[in-house]
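Data block below; observations after.
Just so you know, all these numbers are worked out from the coordinates, no wet-lab data involved. Since the structure is predicted, the reported quantities are computational estimates derived from the model, not experimental observations. Positions of Cβ are generated from backbone atoms using ideal geometry, with glycine treated the same way; all protein chains shown enter the neighbour counts.
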Amino acid sequence: MLEQFSIDVDQGLSSEHKYLPSKYFYDKVGDALFVKIMALPEYYLTRAEMDIFEQQTLSMLNAWALDKHQHFELIELGAGDGSKTKKLLTTLKRKQYNFDYLPIDISANALDQLEASLARELPDIKVHKQQGDYFKILASLKSSHHPKVVLFLGSSIGNMSDEEANGFLIQLGKTLNPQDKLLLGADLIKPESLVLPAYNDSQGVTRDFNLNLLARINRELGGDFDLNQFKHDPSYTQQEGIAKSYLTSLADQRITVKHTGKQYWFKAGEKIYTEISRKYSDEIIQNIIEGSGFQMIDKLTDQNNLFADYIFNK
Ligand code: AVI
């Protein structure tokens with residue numbers, strides 16, 4: 001784990017256009033900052049998708065057209081705290097559907113907390129948490145005869161380039177059987193005046209989240225980044241529909257990372273690319289599902305048309 005982190009950091013900081021993979025945001029500090037981000041006034045994504053789960057779980061059930069008597073598996077990739085999914089679980093229980101809930105996450109800690117909160121709030125639901133790599137777990141579930149509904153919420157797909165998202169959906173498609181369903185949360189393209197503040201909030205939480213990447217390199221790999229010498233620097237244009245986060249060096253400086261055994265030079269103004277947050281249109285969604293075998297069957301949007309949950313049939 002530490003080895004891979006070290007290899008990825010070295011590769012990113014040695015590259016002509018420096019970058020760091022955004023998956024390394026999520027250590028304990030980063031997880032806690034992301035929870036704060038989701039509650040920020042500027043970060044509309046979580047509230048918008050919650051609105052869909054508060055208002056439209058019956059439409060989801062309609063689109064899935066599940067047989068009430070047939071047992072199915074509700075699988076969630078990257079379940080987090082499950083706050084939106086709990087709305088769906090409540091509706092499924094009220095309508096007397098027959099299902100198990102399988103949250104998959106790389107964080108054992110997040111899964112333990114989710115399991116405990118479900119045991120308190122929805123004790124009748126059968127929960128089988130699965131810790132590890134999404135595709136390994138999905139592959140191990142493929143032989144089950146039960147129909148599956150997979151949730152991938154929060155526009156997490158947007159943290160991949162379109163090419164990576166397409167590869168992800170093709171791989172996901174391979175682990176599912178015909179008639180299985182996918183619900184994919186996607187933030188929609190909208191003006192800069194709404195998107196940019198979501199990635200540059202007035203309290204500086206997103207800044208701290210971004211800078212935590214450097215703090216993490218300091219903590220885990222013996223780096224000597226001075227966080228005051230880097231600036232959180234997000235960008236977005238509606239035309240491209242992609243928010244990008246950077247850390248910009250405020251000075252000419254040399255950074256040493258003990259674990260990689262190397263030094264990295266920065267010029268004043270030089271950027272490290274840390275995150276892509278893709279925003280979507282129906283057309284871009286059609287592009288990224290190409291070759292995956294998924295057919296779009298429905299699209300649910302929140303009341304303000306900020307966010308969509310796309311529903312697909314395999
Ligand atoms: C998890 N992901 C969808 C978030 C996003 O909006 O791209 C991560 C995030 N980065 C900065 N703020 C939130």
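Order these peptides, 134-146, 103-115, by their mean beta-carbon neighbour count within 10 angstrom, highest first.
Going by the mean number of other Cβ atoms within 10 Å, highest first, we get 103-115, 134-146.
Out of Met296, Leu74, Pro21, whose Cα points farthest toward the positive end of the dipole of the chain (charges: +1 Lys, Arg; -1 Asp, Glu; placed on Cβ)?
Leu74
How big is the Kirkwood radius of region 245-304, worked out from every pair of different alpha carbons and given in Å to one decimal?
Values: mean 1/r = 0.0626 Å⁻¹.
Kirkwood radius, region 245-304: 16.0 Å.
Taking a 24 Å limit on the Cα-Cα distance, which of the listed pairs Lys244/Lys299; Lys129/Lys299; Lys36/Lys95; Lys126/Lys299; Lys87/Lys129 fall beyond it? Don't jump to the answer; show the numbers that get you there.
Details: Lys244/Lys299 26 Å; Lys129/Lys299 28 Å; Lys36/Lys95 33 Å; Lys126/Lys299 28 Å; Lys87/Lys129 18 Å.
Among Lys244/Lys299; Lys129/Lys299; Lys36/Lys95; Lys126/Lys299; Lys87/Lys129, the Cα-Cα distance tops 24 Å for Lys244/Lys299; Lys129/Lys299; Lys36/Lys95; Lys126/Lys299.
How far is helix 28-38 tilted, in degrees, relative to the longest principal axis of the Cα atoms in the chain, given as a value from 0 to 90 rounded to the nearest 10?
The angle comes out near 70 degrees.
Rounding to the nearest 10 and keeping the result within 0 to 90°, find how far the Cα-based axis of helix 44-55 lies from the longest principal axis of the chain.
10 degrees
Placing unit charges on C-beta atoms (Lys and Arg positive, Asp and Glu negative, everything else neutral), compute the dipole magnitude of the chain about its Cα centre in debye, rounded to 20. Intermediate values should be presented prior to the final figure.
Details: 35 positive and 43 negative charges, 108 e Å.
That gives a dipole near 520 debye.
Quick check: Cα centre of region 90-113 to Cα centre of region 198-226, how many Å?
After rounding, the separation between the Cα centres reads 32 Å.
Rounding to the nearest 10 and keeping the result within 0 to 90°, find how far the Cα-based axis of helix 205-221 lies from the longest principal axis of the chain.
Long axis of 205-221 versus the principal axis of the chain: about 70 degrees.
How many Å³ per residue does the convex hull of the Cα positions in the chain occupy? Walk me through the numbers before you get to the answer.
Values: hull volume 41.1 nm³, N = 314.
Roughly 131 Å³ of hull volume per residue.
As a footprinting exposure proxy, order Lys148, Lys86 by other Cβ within 10 Å, with the fewest listed first.
Details: Lys148 22, Lys86 18.
The most exposed by this proxy come first: Lys86, Lys148.
Quick check for me: using +1 on Lys/Arg Cβ and -1 on Asp/Glu Cβ, what's the dipole size of region 219-278 about its Cα centre, in debye to the nearest 20?
In debye, rounded to 20, region 219-278 gives about 120.
Which residues' amide hydrogens lie under 5 Å from the amide hydrogen of Phe307, considering only partners 5 or more residues apart or on another chain, with H built in the peptide plane?
Close amide H contacts, sequence-distant or interchain: Leu188, Asp302.
Which of Asp51, Asp81, Asp124 moves the most in a Gaussian network model of the chain with Cα springs under 10 Å?
Asp124
Calculate the dipole size of region 1-129 relative to its Cα centre from +1 charges on Lys and Arg beta carbons and -1 charges on Asp and Glu beta carbons; express the result in debye to the nearest 20. Don't skip to the answer; put the middle values down first.
Details: 15 positive and 20 negative charges, 126 e Å.
For region 1-129, the charge dipole is close to 600 debye.
Can you tell which of Phe209, Pro191, Tyr236 lies farthest toward the positive end of the dipole of region 180-258, using +1 and -1 charges on the Cβ of basic and acidic side chains (Lys, Arg; Asp, Glu)?
It is Phe209.
Please list the radius of gyration and Dmax for region 39-79, considering alpha-carbon atoms only, with Å as the unit.
Spelled out, the Cα radius of gyration and Dmax of region 39-79 are 13.8, 43 Å.
Please name which of Val150, Pro103, Val127 has its Cα lying farthest along the dipole of the chain towards the positive end, using unit charges on Cβ (Lys, Arg +1; Asp, Glu -1) and the Cα centre as origin.
Going by the Cα projections, it comes out as Val127.
Please report how far the C-alpha centroid of region 1-49 lies from that of region 134-178, rounded to the nearest whole angstrom.
21 Å
For the chain, what does the helix formula give at 222 nm: sum of -39500 (n - 2.57) over DSSP H segments with n ≥ 4, over the residue count, nearest 500 deg cm²/dmol?
-12000 deg cm²/dmol
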